[in-house]
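Have a look at the structure below before the remarks.
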């Protein structure tokens, strides 16, 4: 049964140089039409389940005006919920007290803030528009209404030093908030950074920065490769390979072994042509996904739950045996997980779970 929902708001006041998500510059005449189409999509596809997590992302959802935001939140009231983690993604410069009060009123209980860096030089490089002081001033205001706060932090920015990264981490720690997501900068095709032919930093420097992050955040629970703090129910939906709705332009969802992606064409979306691509997953692909996503969790995969879901004893799989013998996987009574010393190279380890015939081991 589906217990999670992602809603995409594609509008932004500015476009970040690294962003390859589905986004459009904020244009007021489009917003009402977009929200009409979003409500129609939810009415068309939502089956009435009680949801444990709702995540409004983007884009920049906080770019909406107060009136537009209220309309969006009224639409979300259509979604039944139970013990819900309701996350709203925001940029600090477009979030004011009236908006935070409104979010609280409509049940939002977690805010994820796209800070990325506190360093003025790299704020400019990423085409962000906040300041360190702005963040420090607004976090206490947000805490008056919502205390479960995440900050996104990007590292491995070309030219960045370990000392500069440590300053960013120390600033985050000074804010006394419960969660941080850390991402190594990836220069994606068709972004401003790619068009400028910016080169990524070396893997050695990237690894050293990741080690610095892990050691600096040792008082936080490191529960997934990139995430530290109070585990997010919505994030765990993805890593546990569970089903979820995806509503909005360019959103993806996973229902009844079907992975789907919505159109990125605003014209098509406003004409109620929502789904762009659907893929019915084979059994092998479902098991591949379970490993690739589940082993991102520091705690790994529960063996009993895996066997109940896929009718496979994972300890008997040749690729699991091989990786255990090589020391890349560790096993205890309940779980199999990636060796903590190999977390940084987890992608290289996960290759062993691709293109394997899991049907033979059911």
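Tabulated results
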{"read-out": "Residue 38 vs. criteria assigned to a loop (DSSP other than H, G, I, E, B), surrounded by 17 or more Cβ atoms within 10 Å (Cβ to Cβ) and either under 21 Å from the mean Cα position of the chain (by Cα) or touching a residue at least 60 places away in the same chain (Cβ under 8 Å) (or both)", "value": "no"}
{"read-out": "Residues of the range 304-317 satisfying the condition of being out of contact with any helix residue (DSSP H, G or I) (no Cβ under 6 Å at 6 or more places or on another chain), assigned to a helix (DSSP H, G or I) and either surrounded by 18 or more Cβ atoms within 10 Å (Cβ to Cβ) or in contact (Cβ under 8 Å) with a residue 12 or more places away in the chain (or both)", "value": "304, 309, 315, 316"}
{"read-out": "Any chance residue 220 is within 30 Å of residue 51 (Cβ to Cβ), touching a residue at least 12 places away in the same chain (Cβ under 8 Å) and assigned to a loop (DSSP other than H, G, I, E, B)", "value": "yes"}
{"read-out": "Every residue from the range 229-284 that is part of a helix (DSSP H, G or I) and under 18 Å from the mean Cα position of the chain (by Cα)", "value": "233, 234, 235, 236, 237, 238, 239"}
{"read-out": "Selection count, the range 193-207, where residues are under 21 Å from the mean Cα position of the chain (by Cα) and either outside the structural domain of residue 235 (by TED's automatic domain parsing) or free of Cβ contacts under 8 Å to residues at least 40 places away in the same chain (or both)", "value": "0"}
{"read-out": "Which listed residue, of 37, 4, is at pLDDT 95 or above and within 14 Å of residue 264 (Cα to Cα)", "value": "37"}
{"read-out": "Which listed residue is farther than 19 Å from residue 98 by Cα and in contact with a strand residue (DSSP E or B) (Cβ under 9 Å, 6 or more places away or on another chain), from 33, 23, 77", "value": "23"}
{"read-out": "Residues that are buried (at least 18 other Cβ atoms within 10 Å of the Cβ), more than 21 Å from the chain's Cα centre (by Cα) and under 27 Å from residue 236 (Cα atoms), drawn from the range 143-164", "value": "none"}
{"read-out": "Test: residue 91 is crowded, with 16+ Cβ neighbours inside 10 Å, over 21 Å from residue 231 (Cβ atoms) and in contact with a strand residue (DSSP E or B) (Cβ under 8 Å, 6 or more places away or on another chain)", "value": "yes"}
{"read-out": "Count of the range 12-34 residues which are buried (at least 21 other Cβ atoms within 10 Å of the Cβ) and at pLDDT 95 or above", "value": "1"}
{"read-out": "Among (1) within 30 Å of residue 24 (Cβ to Cβ); (2) in contact with a strand residue (DSSP E or B) (Cβ under 8 Å, 6 or more places away or on another chain); (3) surrounded by fewer than 16 Cβ atoms within 10 Å (Cβ to Cβ) - the single one residue 262 does not satisfy", "value": "(3)"}
{"read-out": "For residue 343: the one exception among (1) surrounded by fewer than 14 Cβ atoms within 10 Å (Cβ to Cβ); (2) assigned to a helix (DSSP H, G or I); (3) in contact (Cβ under 8 Å) with a residue 40 or more places away in the chain", "value": "(1)"}
{"read-out": "Residue match in the range 187-199 (condition: in contact with a strand residue (DSSP E or B) (Cβ under 8 Å, 6 or more places away or on another chain), under 25 Å from residue 55 (Cβ atoms) and buried (at least 16 other Cβ atoms within 10 Å of the Cβ))", "value": "no"}
{"read-out": "Conditions (1) modelled with pLDDT of 95 or more; (2) exposed (fewer than 14 other Cβ atoms within 10 Å of the Cβ); (3) more than 27 Å from residue 141 (Cα to Cα): number failed by residue 67", "value": "(3)"}
{"read-out": "Count of residues meeting criterion [assigned to a loop (DSSP other than H, G, I, E, B), farther than 21 Å from residue 361 by Cα and touching a helix residue (DSSP H, G or I) at 6+ places or on another chain (Cβ under 7 Å)] in the range 319-340", "value": "1"}
{"read-out": "Among the residues listed as 29, 61, the single one being assigned by TED's automatic domain parsing to the domain that holds residue 147 and either in contact with a helix residue (DSSP H, G or I) (Cβ under 8 Å, 6 or more places away or on another chain) or within 21 Å of residue 153 (Cα to Cα) (or both)", "value": "61"}
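The values are calculated or read from the model by the stated rules, or taken from the named source; none is laboratory data. Since the model is a prediction, treat every value here as computed from it, not as a measurement. Glycine also receives a Cβ, built like all others from the backbone with ideal geometry; neighbour counts cover every protein chain displayed.
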